[in-house]
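Q: I have a structure here, written as structure tokens, and I will follow up with some questions on it.
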Amino acid sequence: MKTTLMIKVAAGAIGRQKMRTFLVELAMMAGIATLTVIVALTQGADKQITKRIRNFGPDAIMVHSGGGKVRGPSTAAEANLSKKDISDIRNIPGVLLATPIQTELDMPLKHGSKFSTAWVMGVEPAWQRAWHRGARKGTFISAADNEQLSKVCLIGTTTAADLFGGDDPVGSSILINNVSFKVIGILEKRGQSPVGTDFDNLVLIPYTTASRRLMNQPRYAAMVRVIVSDPARAHHIAAEIKGVLRENHHLAATEEDDFRISTAAHVARMVRMSAKTMGTFLWLVAVIAPLVGGIVLMNIMLMAVAARKREIGLRRALGARKGDIVMQFLSESIMLTVIGGFLGIGAGVGIAFYIHHLGKPISLGWQPFAAAFVFCILIGLLFGVYPARKAANLDPVQALNQ
Amino acid sequence: MIELRDITKSFHNGPTTTEVLKGINLCVEKGEFVAVMGSSGNGKTTLMNILGCMLRASGGSYRLDGADIESLDDDQLSAIRNKKIGFVFQAFNLLEGTSALDNVLLPLVYAEHYPDDAEERATGLLQSVGLGDRVHHKPSELSGGQLQRVAIARALVNEPAIILADEPTGNLDTASSEEVMNIFKRLHAEGKTIILITHDPDDAARAERTVFLRDGKIFHREEVQ
Ligand SMILES: Nc1ncnc2c1ncn2[C@@H]1O[C@H](COP(=O)(O)OP(=O)(O)OP(=O)(O)O)[C@@H](O)[C@H]1O
Ligand SMILES: [Mg+2]
């Protein structure tokens with residue numbers, strides 16, 4: 001009863017001062033919408049990063065030819081991993097398999113009148129186990145294909161769509177760098193790599209065919225993918241591989257590695273690092289935007305206190321304690337920020353879906369809503385308390401005589 | 001019930017000090033109806049504010065129902081205003097955009113217990129001041145006389161023993177003044193203690209006795225004549 005009356009009177013005050021209410025709601029709405037969108041975007045990006053790292057494989061180690069900093073895959077031109085390197089890696093305890101990969105980036109593809117480019121990889125049958133990925137349609141490259149240097153290929157779904165549109169590619173032939181290959185299968189879909197390249201724009205051919213016919217690199221492999229039995233030991237095994245390769249490559253202690261080794265942990269660290277700098281900045285914006293709403297609220301509430309001195313004096317005369325006046329103005333502030341917050345969440349969700357529609361990953365859990373709600377109450381409290389205390393500390397007689 | 005001893009009040013405005021009350025001695029018994037007169041600016045409202053626990057005296061002592069008012073803290077003074085005193089102002093002081101009923105209920109928001117029958121009580125009071133058909137009207141829809149009667153209902157809702165009225169008819173025409181004064185007479189008959197500040201000798205004539213405020217002191221009728 002009493003609370004209904006208090007809410008009724010507070011809501012009346014909010015409703016009467018339409019301009020004031022409008023300004024606060026606008027500022028809060030903009031702030032909370034920004035917060036919601038940023039949370040949705042960072043969570044979406046985070047989810048995507050997690051997925052990309054999962055795509056790399058927690059039990060995998062990638063060995064790349066060529067030293068230097070982390071970058072994309074190594075190509076046949078810079079290949080320096082020998083057959084002995086590979087067999088030594090296979091002999092390290094805990095290594096389940098090590099399979100060589102010969103790579104050329106962006107090779108020209110042609111089918112009929114359609115042109116495209118894709119990464120072309122020469123692989124052995126073990127590639128399937130190494131990537132937990134096989135043919136979704138047709139067959140995979142066999143040991144026999146490798147022995148016979150067959151000109152067969154599997155293509156990714158993106159490549160298939162580029163060259164064949166909706167038609168079934170299996171059984172047709174395509175030209176890779178003007179050499180004709182028969183399509184024997186389509187690869188399972190995989191999505192994006194940790195660095196964001198499309199794992200489905202890909203052509204697989206036999207390792208031997210790639211090395212000797214297409215990429216002219218018969219002695220060395222560009223990359224080796226290693227699978228270990230225990231993901232927890234991946235880091236340890238990576239260190240052993242490093243030792244073996246340095247010895248095989250006769251590197252002096254002062255020389256840098258002429259190869260790169262990455263594990264899921266490396267990849268995660270790298271991807272997270274670039275995501276983090278962006279994330280910190282966005283979080284800053286996300287937190288500051290609603291604070292601007294708070295500053296608007298404080299100004300508007302101070303104006304309201306000045307404009308309503310008479311009412312404050314009257315309430316004091318009728319028996320309101322200072323605490324009652326503080327509560328009254330605080331609840332008005334919180335009512336304003338929470339309503340603004342709900343409007344902001346609505347606008348934010350709308351914008352987030354629009355961004356999603358434009359192709360960016362978003363993720364909307366309950367967290368942005370809880371965060372926005374708590375944030376609104378905190379802002380209402382934080383920025384409302386000063387005007388409220390100012391109202392309560394007015395001299396009742398002078399306030400009443402305004 | 002009300003006992004003022006040597007009450008003084010000065011206002012400090014920068015370097016200048018205005019001594020408004022210079023030793024007020026006044027006793028008002030329970031159920032009395034006292035009018036306070038005096039020319040403009042000589043401290044009637046200031047005295048009323050001290051009596052209403054809205055303002056602290058600069059010196060002297062004020063006992064209300066045996067309580068030593070100077071020794072009470074701000075929250076305790078608020079409670080006394082809420083429980084024991086009903087204010088009626090010259091300017092009505094109703095909340096805009098709020099119905100007559102909700103205006104009358106306002107003191108109960110700050111009462112220790114919000115009574116279950118609050119709305120019936122408020123409606124009953126509005127009826128007793130002749131506004132039974134104006135319960136849901138907003139102040140902008142009421143005349144001056146009606147506004148002041150809503151304000152009187154508000155002053156009565158928490159059943160205070162004392163009514164402090166500061167020129168309640170100052171903004172009203174003769175007919176409305178008459179209505180308001182009749183209500184005060186009735187309240188007096190019902191046993192309320194009433195202190196009425198007025199410029200109008202006719203209004204003052206309704207009170208049991210009149211005191212005059214002059215040069216910061218109280219004079220009784222005999223002393224003035
Ligand atoms: N807060 C204040 N600061 C300074 N001076 C004040 C203050 N309040 C009142 N005064 C002064 O005290 C004197 C008495 O004021 P008060 O309002 O009590 O007079 P009043 O008798 O009620 O006058 P009126 O009949 O016009 O209502 C006036 O001179 C006024 O200027
Ligand atoms: Mg006055």
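Q: Classify the stretch A:190-263: rounded, prolate or oblate, from the alpha-carbon gyration tensor (a ≥ b ≥ c, eigenvalue square roots; a/c under 1.5 rounded; otherwise prolate if a/b is larger than b/c)?
A: Since a/c reaches 1.5 but b/c is at least a/b, the shape of the stretch A:190-263 is classed as oblate.
Q: When every alpha-carbon pair in the stretch A:1-151 is counted, what percent end up more than 26 Å apart?
A: 56
Q: Shifting gears a bit: Report the Cα-based extents of the stretch B:25-130 along its three principal axes, largest first, to the nearest Å.
A: So the extents along the principal axes, rounded to whole Å, are 41, 32, 28.
Q: For the stretch B:58-191, what are the per-bin percents of Cα-Cα distances with bins 5 Å wide, up to the bin holding the maximum?
A: All Cα pairs considered, the percentages come to 2, 10, 20, 21, 20, 13, 8, 5, 1, 0.
Q: Let me ask another. Counting Lys and Arg as +1 and Asp and Glu as -1, what is the net charge of the other residues whose Cβ lies under 13 Å from the Cβ of B:Asp75?
A: Summing Lys and Arg as +1 and Asp and Glu as -1 gives +1.
Q: Which helices, counted as full DSSP H runs in chain A, have an axial Cα extent of no less than 30 Å and a Kyte-Doolittle average of 1.0 or above?
A: Correct list, ordered by number: A:264-307, A:322-357, A:367-392.
Q: Moving on to the next point. Evaluate the distance, in nm, between pseudo-label points positioned 7 Å from the Cα of A:Lys8 and of A:Arg310 along their respective Cα→Cβ axes.
A: Label-label distance for A:Lys8 and A:Arg310, simple model: 2.2 nm.
Q: May I pose another question? In terms of the Cα gyration tensor, with a ≥ b ≥ c the square roots of its eigenvalues, is the stretch B:128-225 rounded because a/c is under 1.5, prolate because a/b exceeds b/c, or oblate?
A: Cα axes put the stretch B:128-225 in the prolate bin.
Q: OK, next. At a Förster distance of 25 Å, what's the computed FRET efficiency of B:Glu120 paired with A:Met327, Cβ-Cβ distance as r, to 0.05?
A: Given R0 = 25 Å and the Cβ-Cβ separation, E is 0.40.
Q: Still on this structure, I have one more. Could you give the length gained on full extension between A:Arg272 and A:Thr254, defined as 0.36 nm per residue of separation minus the Cα-Cα distance, in nm?
A: Difference between extended and current length: 3.4 nm.
Q: Compute the Kirkwood hydrodynamic radius of the stretch A:60-229, taking the inverse of the mean of 1/r over all pairs of distinct Cα atoms, and give it in Å to one decimal.
A: So the Kirkwood estimate lands at 16.0 Å.
Q: Restricting to DSSP H runs of at least four residues, report the calculated mean residue ellipticity at 222 nm for chain A, -39500 (n - 2.57) per run over all residues, nearest 500 deg cm²/dmol.
A: -18000 deg cm²/dmol
Q: Counting Lys and Arg as +1 and Asp and Glu as -1, each charge on the Cβ, what is the dipole of the protein assembly as shown about the Cα centre in debye, to the nearest 20?
A: Computed about the Cα centre, the dipole is about 2340 debye.
Q: To the nearest 0.05, what FRET efficiency results for B:Asp173 and A:Leu381 with a Förster distance of 60 Å applied to their C-beta separation?
A: That pair, B:Asp173 with A:Leu381, gives E of 0.80.
Q: So for the protein assembly as shown: antiparallel DSSP bridges make up what percent, rounded to the nearest 5?
A: In the protein assembly as shown, approximately 70 percent of DSSP beta bridges are antiparallel ones.
Q: Turning to a different aspect of this structure: Note down the Stokes-Einstein diffusion coefficient of the stretch A:300-400 in µm²/s, whole number, using a Kirkwood radius over alpha carbon pairs, 25 °C, and 0.890 mPa s.
A: My calculation gives 160 µm²/s for D.
Q: On a full-extension model of 0.36 nm per residue, what is the gain between A:Ser229 and A:Lys84, subtracting their alpha-carbon distance, rounded to one decimal in nm?
A: In short, 50.0 nm is gained.
Q: Kindly rank B:130-142, A:201-213 from highest to lowest mean number of other beta carbons found within 10 Å of each residue.
A: Per-residue mean Cβ counts within 10 Å order the peptides as A:201-213, B:130-142.
Q: Same structure, new question: If the chain between A:Arg16 and A:Val374 were fully stretched, how many nm would it gain, using 0.36 nm times the residue separation less the Cα-Cα distance?
A: Length difference between fully extended and current span is 126.2 nm.
Q: Follow-up. Pick out, from B:Leu108, A:Val39, B:Ala122, the residue whose Cα sits farthest towards the positive end of the charge dipole of the protein assembly as shown, with +1 on the Cβ of Lys and Arg and -1 on the Cβ of Asp and Glu.
A: A:Val39
Q: Now a separate question. Describe numerically, in nm with one decimal, the distance between label points set 7 Å from Cα along Cα→Cβ at A:Ser142 and at B:Leu72.
A: 10.3
Q: Along each of its three principal axes, how wide is the spread of alpha-carbon positions in the protein assembly as shown, in whole angstrom units, largest first?
A: Sorted from largest, the Cα extents of the protein assembly as shown read 135, 56, 41 Å.
Q: Something else: So how compact is the stretch A:122-169: Cα radius of gyration and Dmax in angstrom?
A: In Å, with Rg to one decimal and Dmax whole: 11.8, 33.
Q: Roughly how many nanometres apart are two label points built 7 Å out from the Cα toward the Cβ at A:Leu149 and A:Lys114?
A: Roughly 3.0 nm, to one decimal.
Rule-based calculations on the coordinates, nothing more; no lab input. Just so we're clear, the structure is a prediction, and the values are computed from it rather than from any experiment. We place every Cβ from the backbone using ideal geometry, glycine too, and count neighbours over all the protein chains shown.
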